[in-house]
Amino acid sequence: MPETEKGGCAMFILFEGIDGGGKTTLAKMLASELKAKYVVNPPSIFRIGELRSFMDEEASLRVRFLYYLMGNVFVSDQIKSIRDSHIIICDRYIDSTLAIHKILGLEIKDEFLGSFLIEKPDISFFLFTSNEPERKERIENRGKKTKYDTIKEDSFFRQKYIDYFQEKGGYIFIDTSNEEPEQSLNRIMQEISL
């Protein structure tokens, strides 16, 4: 069984990654395996009605960033309120919000954000697949694409996104190519046990 306590609080495990890398599937599987609380960003309360659709299709880049930043602050507060009693598995957090918007040209001062996010992850994973046909098949199974989903399909954008996380540091990169989710989950569990 992995060590699930860090300094009196339950562990906060973060999953980031490129679309089609297996992030959501594996985050949910790990939450089930550890009987952890699964938290998704943006949270469901932010997906009501046509709000998210508007943010992803029509809002300016600056307004879209503020919407996703607000989701991060909400999730951080949510994690703080349950962290004493639950292991937390979080599907996306501030770095994906920063990466996407910076790559698209928005100037953001990272030091400005520090005071907003209370909770920091204990271990962070970046999931991807180097098998492009496999990644595309995973994406096709999702259905509708937004304007930003289309942008993220550009190979230059995806490489810049991966580069951002490599330069950021602190992430364990897991290539989920050509393996069943259970195999990737076993590798993640081994990393958590270290």
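The values are calculated or read from the model by the stated rules, or taken from the named source; none is laboratory data. Since the model is a prediction, treat every value here as computed from it, not as a measurement. Virtual Cβ from ideal backbone geometry, glycine too; neighbours counted across all protein chains shown. Surface accessibility is based on the protein's heavy atoms, side chains included, excluding ligands, DNA and RNA. Shrake-Rupley method; radii C 1.70, N 1.55, O 1.52, S 1.80 Å.
If both residues of a DSSP beta bridge must be in the chain, then about 10% of such bridges are antiparallel. Close amide-amide hydrogen proximity is noted between PHE125 and LEU14, PHE15, GLU16, ILE172, each under 5 Å apart and 5 or more residues distant or on a separate chain (H modeled in the peptide plane; Pro and chain starts excluded). Note on ASN141 and SER193: their simple-model spin labels are 2.7 nm apart, each label 7 Å out from Cα toward Cβ. Ligands, DNA and RNA are left out, and with a 1.4 angstrom probe the accessible area of the chain is 52 Å² per residue. Taking every alpha-carbon pair under 8 Å whose residues sit at least 6 apart, the chain reaches a relative contact order of 36 percent.
Here the spin labels are modelled as points 7 Å beyond Cα on the Cα-Cβ line, and at SER130 and GLU153 they lie 2.5 nm apart. Qualifying GluC sites (Glu not before Pro) in segment 10-105, where qualification requires a DSSP coil assignment and no more than 12 other C-beta atoms within 10 Å, comprise GLU50, GLU58. Rounded to the nearest 500, the helix-only mean residue ellipticity at 222 nm of the chain stands at -15000 deg cm²/dmol, with each DSSP H run of n ≥ 4 adding -39,500 (n - 2.57). Here the extension length gained between MET70 and GLU179 equals 35.7 nm, from 0.36 nm per residue of separation less the Cα-Cα distance.
Which listed residue (MET11, ILE123, PHE65) has the Cα farthest towards the positive end of the charge dipole for the chain, taking +1 on Lys and Arg C-beta and -1 on Asp and Glu C-beta about the Cα centre? About the Cα centre, the residue reaching furthest to the positive side is PHE65.
Residues in segment 169-178 carry Karplus couplings, in order, of x, x, 9, 9, 8, 10, 8, 8, 4, 6 Hz; the curve used is 6.51 cos²θ - 1.76 cosθ + 1.60 with θ = phi - 60°, and Gly or Pro positions show x. Each Lys and Arg adds +1 at its Cβ and each Asp and Glu adds -1 at its Cβ; summed about the Cα centre, the chain shows a dipole of about 480 debye. Dimensions of segment 29-98 from C-alpha coordinates, computed as largest minus smallest value along each principal axis and given longest first, are 39, 18, 18 Å. Separation of segment 8-46 and segment 161-193, taken as the distance between their Cα centroids, equals 13 angstrom. The candidate values were (i) 0.94; (ii) 1.10; (iii) 1.00; the one computed from these coordinates for Cα Rg over 2.2 N^0.38 Å carries the label (iii).
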